[in-house]
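The values are calculated or read from the model by the stated rules, or taken from the named source; none is laboratory data. Bear in mind the structure is a predicted one, so any value in this text is a computation, not a measurement. Quick reminder, even Gly has a Cβ in these numbers, built from the backbone with ideal geometry, and neighbours come from all protein chains shown. For accessibility, only protein heavy atoms count, side chains too; no ligands or nucleic acids. Shrake-Rupley method; radii C 1.70, N 1.55, O 1.52, S 1.80 Å.
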Amino acid sequence: MTRITTPFGRHSTASEVAQGIDLSGKRAIVTGAASGIGVETVRALAHAGAEVTLAVRNVDAGAKTVADITAITGNQNIHVAELDLTDRGAIAKFIAAWNEPLHILVNNAGVMALPEQHTPKGWEMQFATNHLGHFALTLGLHDALAAGGAARIVSVSSSAHMLSPIVFDDIHFAFRPYDPWLAYGQSKTAVS
């Protein structure tokens with residue numbers, strides 16, 4: 001096997017990594033794109049010429065991000081769409097509304113170290129948001145990704161996966177004391 005090397009490291013920025021890459025004609029979706037890493041990801045994709053949809057819970061915050069990035073990059077093909085990863089109906093609605101080939105899916109949205117919460121369906125909130133929602137979204141967008149050709153899926157994890165394995169016998173903390181960091185850790189292990 002040939003070792004893969006890169007000139008980039010932990011201090012590299014998204015803009016540095018994307019420099020010189022032309023994504024004109026490519027469509028991307030970035031979840032959780034109204035703050036943090038999501039905004040920087042959208043900015044780098046927009047600078048590279050991609051058409052980007054911000055999939056967000058807060059459409060107003062997403063619209064502000066779209067306006068800011070459009071002003072900075074000049075890319076007019078930046079859009080916002082509502083998506084709540086803890087709501088299977090909202091995921092299905094987002095998928096049904098997507099009718100074009102998709103080239104890049106960045107599963108970025110996430111919650112971290114929340115107090116104990118569960119979705120209306122009973123899933124532990126961090127596991128539901130960080131893993132299950134993205135899994136359902138990716139599966140639902142399969143045909144669009146296949147139509148995109150050599151599509152790329154990026155699922156953002158973290159070193160927090162080292163905090164906990166997935167405890168399949170008690171994903172929802174029904175039988176053990178809830179620990180927000182263990183819950184976060186198992187959700188990131190599921191993503192890894």
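Here region 99-117 is the region considered, the condition is being within 15 Å of residue 31 (Cβ to Cβ), part of a loop (DSSP other than H, G, I, E, B) and open to solvent by less than 40 Å² (accessible area, probe 1.4 Å), and the residue that is modelled with the highest pLDDT is 102.
So that you can scan it fast, the table gives a plain yes or no per residue for (1) under 16 Å from the mean Cα position of the chain (by Cα); (2) under 10 Å from residue 80 (Cα atoms); (3) of a type in the set (A, V, I, L, M); (4) crowded, with 21+ Cβ neighbours inside 10 Å:
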residue: 17; (1), (2), (3), (4): no, no, yes, no
residue: 29; (1), (2), (3), (4): yes, yes, yes, yes
residue: 34; (1), (2), (3), (4): yes, yes, yes, yes
residue: 41; (1), (2), (3), (4): yes, no, no, yes
residue: 49; (1), (2), (3), (4): no, no, no, no
residue: 55; (1), (2), (3), (4): yes, yes, yes, yes
residue: 60; (1), (2), (3), (4): no, yes, no, no
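The set of residues in region 44-76 that are assigned to a helix (DSSP H, G or I) and in contact with an Asp or Glu (Cβ under 7 Å, 6 or more places away or on another chain) contains only 59.
Checked against (1) open to solvent by 80 Å² or more (accessible area, probe 1.4 Å); (2) touching a strand residue (DSSP E or B) at 6+ places or on another chain (Cβ under 8 Å), residue 145 meets all criteria but (1).
Taking the listed residues 183, 146, 113, 136, the one that is of a type outside the set (Ser, Thr, Tyr), within 29 Å of residue 23 (Cβ to Cβ) and in contact (Cβ under 8 Å) with a residue 40 or more places away in the chain is 136, with no other qualifying.
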